[in-house]
1. Work out from phi, with θ = phi - 60° and the Karplus expression 6.51 cos²θ - 1.76 cosθ + 1.60, the ³J(HN,Hα) of each residue of segment 60-72, listed in order in whole Hz, and give x for Gly and Pro.
2. Given 55, 29, 84, which one lies farthest toward the positive end of the charge dipole of segment 21-88, if we put +1 on the Cβ of every Lys and Arg and -1 on the Cβ of every Asp and Glu?
3. Name the long-range amide H neighbours of residue 64: under 5 Å, sequence gap of 5 or more, or other chain; modelled H, no Pro or chain starts.
4. Determine ³J(HN,Hα), in whole Hz, for all residues of segment 135-147 in sequence, where each value follows from phi through the Karplus function 6.51 cos²θ - 1.76 cosθ + 1.60 and θ = phi - 60°; x replaces Gly and Pro.
5. Please turn the phi angles of segment 124-130 into ³J(HN,Hα) values with the Karplus equation 6.51 cos²θ - 1.76 cosθ + 1.60 (θ = phi - 60°), one per residue in order, whole Hz, x for glycine and proline.
6. Evaluate E = 1/(1 + (r/R0)^6) for residue 143 and residue 70, where r is the Cβ-Cβ distance and R0 equals 35 Å; express this FRET efficiency to the nearest 0.05.
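What follows draws every value from the coordinates through simple rules; no lab data is involved. Since we're looking at a predicted model, the values are computed, not measured. Cβ: placed from backbone, ideal geometry, glycine included. Neighbour counts: every protein chain shown.
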Amino acid sequence: MIRTSTAPDRSDCTMAFGQSAGPGASHRQVAELLELLQNVGHADFKDARGPMGLNQRQAAGRFTAEEATELIDQLHEAQYRAEQEAEAASGVESKPDTLTPAQSEPAPTTMSDEARAKMERAVRSASTKSLVLEVRRRGWIVTKPKP
């Protein structure tokens with residue numbers, strides 16, 4: 001008696017549903033990716049899912065090494081373009097590599113009450129996202145307040 005298998009032939013299936021197609025990203029890549037997304041104004045991967053076009057697996061923080069590299073490069077390029085546009089808009093030349101002590105000290109803040117009130121109105125009217133991006137651009141760490 002000859003037995004034949006009744007199970008379907010699955011030799012054409014390359015991978016199970018929901019699995020990534022490559023080696024996983026390193027912890028360093030995922031951390032850098034999260035930092036770059038936060039610099040853009042997203043709280044985490046889930047927050048960036050829609051705007052960045054991440055799938056469900058990526059929104060959970062699971063990337064292949066290739067996906068992470070591509071997204072990191074994309075975010076670095078966007079950050080570079082934004083910095084170049086900001087410099088061009090403000091007419092500022094490239095920053096020097098080294099600063100003299102006089103250059104590194106902050107300028108004294110001598111504002112009139114009217115100028116200070118105008119600045120405060122501008123800050124209050126700015127969106128939260130804009131404020132967060134500007135503060136992060138200046139090197140500060142911003143977190144959401146706890147309810």
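1. The phi angles translate into 8, x, 10, 10, 7, 4, 5, 4, 4, 4, 5, 5, 4 Hz.
2. Farthest towards the positive pole: 55.
3. Residues meeting the amide H criterion: 25.
4. 5, 5, 4, 7, x, 8, 9, 10, 10, 6, x, 7, x
5. Listing the rounded values in order: 5, 7, 6, 6, 4, 4, 4 Hz.
6. 0.80
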